[in-house]
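What follows is a single structure, written as structure tokens, with notes after it.
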Amino acid sequence: MITKGLSPSAMAAVWLLLLSAAPLSAESVMPPAQYAYTQLPDPKQEAAAARLMQTLRCLVCQGQSIADSDAEMAADMRAMVRRRIQAGEAPEEIRSWLVQRYGNWVSYDPPVEPLTWPLWAAPILLLAGGLYLARGRFRRKSR
């Protein structure tokens, strides 16, 4: 073993060097896909692709659309959207394919169904509850 016979401080330095090099090995060495950072030549197709990319969630960043994310996965998804738009596929067909592949979570506009209705109802219920509590609080103060 490499660390055999090293002092504790030297062993700590070796481990520190090894741990600091780990993030560097996580970087991809593959070049980005053709349309990951390049727009389509046809402005109408690029506009359709851009509109669709704004409505799709990055699976890595989770809080950004694939149009805004710098993640490698988002770049691959942008390239795929642009290639499919260029091939003549409709944006809704692409969205359906992505939802089928990654689930409703990939879309910023998930459908209302029994599994997602709490997401749609929670803001309204919380607002109504807050107004009810505030009403009771103000009523007590005025007495």
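Please treat every number below as a calculation from the coordinates, not as lab data. Computed from a predicted model, the values in this text were never measured in an experiment. Reconstructed Cβ throughout: ideal geometry from the backbone, glycine too, with neighbour counts over all protein chains shown.
Under a 5 Å amide H cut-off, with hydrogens placed 1.01 Å from N, Ser107 pairs with Arg57 among residues at least 5 apart or on other chains. Here the simple spin-label model places points 7 Å from the Cα toward Cβ, and for Trp117 and Glu89 these points are separated by 3.3 nm.
Full-extension gain between Ala47 and Leu19, please, as 0.36 nm times their residue separation minus the C-alpha to C-alpha distance. Before the final figure, lay out the partial values.
Numbers: separation 28, 0.36 × 28 = 10.08 nm, distance 4.38 nm.
The Ala47-Leu19 span can extend by a further 5.7 nm.
Which one of Ala121, Ala75, Ala36 has the biggest mean-square fluctuation once the chain is modelled by GNM with Cα springs under 10 Å? Maximum fluctuation in the GNM of the chain, among the listed residues, is at Ala121.
What value, in deg cm²/dmol to 500, does the helix sum -39500 (n - 2.57) over DSSP H runs of n ≥ 4 give at 222 nm once divided by the residues of the chain? Let's see the in-between values first.
On the way: 5 runs with 83 residues, N = 143.
Per the formula, -19500 deg cm²/dmol.
Just in the range 48-143: which chymotrypsin sites (Phe, Trp or Tyr not before Pro) are loop by DSSP and have at most 16 other Cβ atoms within 10 Å?
Details: sites: Trp97, Tyr102, Trp105, Tyr108, Trp120, Tyr132, Phe138; in loops: Tyr108.
Within the range 48-143, the qualifying chymotrypsin sites (Phe, Trp or Tyr not before Pro) (loop, at most 16 other Cβ atoms within 10 Å) are Tyr108.
Computed on the Cα atoms alone, the convex hull of the chain gives a volume of 256 cubic angstrom per residue.
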